Amino acid sequence: MALVQAIFEEYWPHWQHHFTPEARLRLGGVPLAALPARADIMQPGLASEYLSPDELEQWRGFNLEKRRAEWLGGRIAAKWAAAGLLGETAMTWRNLVIRTEAGGRPYVATETHAAPPFISISHSGPLAAALAANFPCGLDIQEPGAKIHTVRDRFVSPEEEDILSASLPESFTETERLTMLWAAKEAIRKMVRTTPLPGFLEIRLLANHAGCGTQADPLTLTFASNRDQDGCPPTITVLSFFADNLAWAMGCLPTRKE
């Protein structure tokens, strides 16, 4: 938790002006290496401290260790973030149950708060992370790798590549630029409330208004969607940056227009 909390607490003053004054956000994160690799039925340990009985049963049902760790890390990160907004302590985390809608979107279920926060969960490489907010939100983290080049035609246009190339310092590789764009579009797909979700090529990067891709000075990317319906505004702003070899992208609706 310490890494992600440090990122949030140190850099939130740099990020806050990108959102409406009413927006309240919180980040949580868990290094996957710190989580139990086996679902020991007799001694579930860390999992039993933070999961409700139903969540614990679901966690035990995963066969793959990698999937088990990612799922548990995401739940703990989401509860950390949600508890931060609600003023809850770790002792009550099991009362904040993370469930999923029919379409797979996670949400907080609790009997003690009339208006639980919106949440978004992501995991990549060594980390699971979550964002909680009082408005619909989206978070995505991505570890850069060669695989991004094999799908580039499915999510990026030449015009978008030109915008990113002009926005980021030369120290960013092409792989890192593409990864940042993928993460930003994923964050939007998690943020909007539409069915079906917009495709990657339906979400178009229009401009970068500021930033150089660091935590202190993130890119302020504005996207347009081909959708024109409730839950998917015509333009959406996403903050994007690199930290510890992960591309981070986050957004919260409504965001302040530039």
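Restricting to the range 192-246, count the residues that are of a type in the set (Ser, Thr, Tyr) and either touching a Pro at 6+ places or on another chain (Cβ under 8 Å) or part of a loop (DSSP other than H, G, I, E, B) (or both).
Of the residues in the range 192-246, 5 are of a type in the set (Ser, Thr, Tyr) and either touching a Pro at 6+ places or on another chain (Cβ under 8 Å) or part of a loop (DSSP other than H, G, I, E, B) (or both).
Quick one: would you say Ala207 is of a type outside the set (Val, Ile, Thr), under 20 Å from Tyr11 (Cβ atoms) and touching a strand residue (DSSP E or B) at 6+ places or on another chain (Cβ under 9 Å)?
When the stated conditions are applied, Ala207 does not pass them.
Right, Ala243: modelled with pLDDT of 95 or more and either small (Gly, Ala, Ser) or farther than 25 Å from Arg24 by Cβ (or both) or not?
no
In the set Glu160, Glu170, which member is out of contact with any Pro (no Cβ under 9 Å at 6 or more places or on another chain), among the acidic types (Asp, Glu), farther than 22 Å from Gly74 by Cα and in contact (Cβ under 8 Å) with a residue 24 or more places away in the chain?
Residue meeting the stated conditions: Glu160.
If only one of Ala133, Ala183, Ala224, Ala146 is exposed (fewer than 13 other Cβ atoms within 10 Å of the Cβ) and of a type in the set (A, V, I, L, M, F, W, C), which one is it? Write out each step before concluding.
Working: Ala133 fails: exposed (fewer than 13 other Cβ atoms within 10 Å of the Cβ); Ala183 fails: exposed (fewer than 13 other Cβ atoms within 10 Å of the Cβ); Ala224 fails: exposed (fewer than 13 other Cβ atoms within 10 Å of the Cβ).
Result of the check over Ala133, Ala183, Ala224, Ala146: Ala146.
Looking only at the range 82-107, count how many residues are under 20 Å from the mean Cα position of the chain (by Cα), under 16 Å from Glu55 (Cβ atoms) and among the aliphatic types (A, V, I, L, M).
5
Going by the structure shown, is Phe155 over 17 Å from Ser240 (Cβ atoms), surrounded by 14 or more Cβ atoms within 10 Å (Cβ to Cβ), modelled with pLDDT of 95 or more and not small (Gly, Ala, Ser)?
no
Being buried (at least 23 other Cβ atoms within 10 Å of the Cβ) and hydroxyl-bearing (Ser, Thr, Tyr), is that true of even one residue in the range 172-180?
There is at least one residue in the range 172-180 that is buried (at least 23 other Cβ atoms within 10 Å of the Cβ) and hydroxyl-bearing (Ser, Thr, Tyr).
Restricting attention to helices (runs of 4 or more DSSP H) lying wholly within the range 1-95, give those where 2 or more residues are modelled with pLDDT of 90 or more.
Numbers: elements: 2-15, 46-50, 53-60, 65-86.
Ranges flagged: 53-60, 65-86.
The values are calculated or read from the model by the stated rules, or taken from the named source; none is laboratory data. The structure displayed is predicted, hence computed values, not measured ones. Quick reminder, even Gly has a Cβ in these numbers, built from the backbone with ideal geometry, and neighbours come from all protein chains shown.
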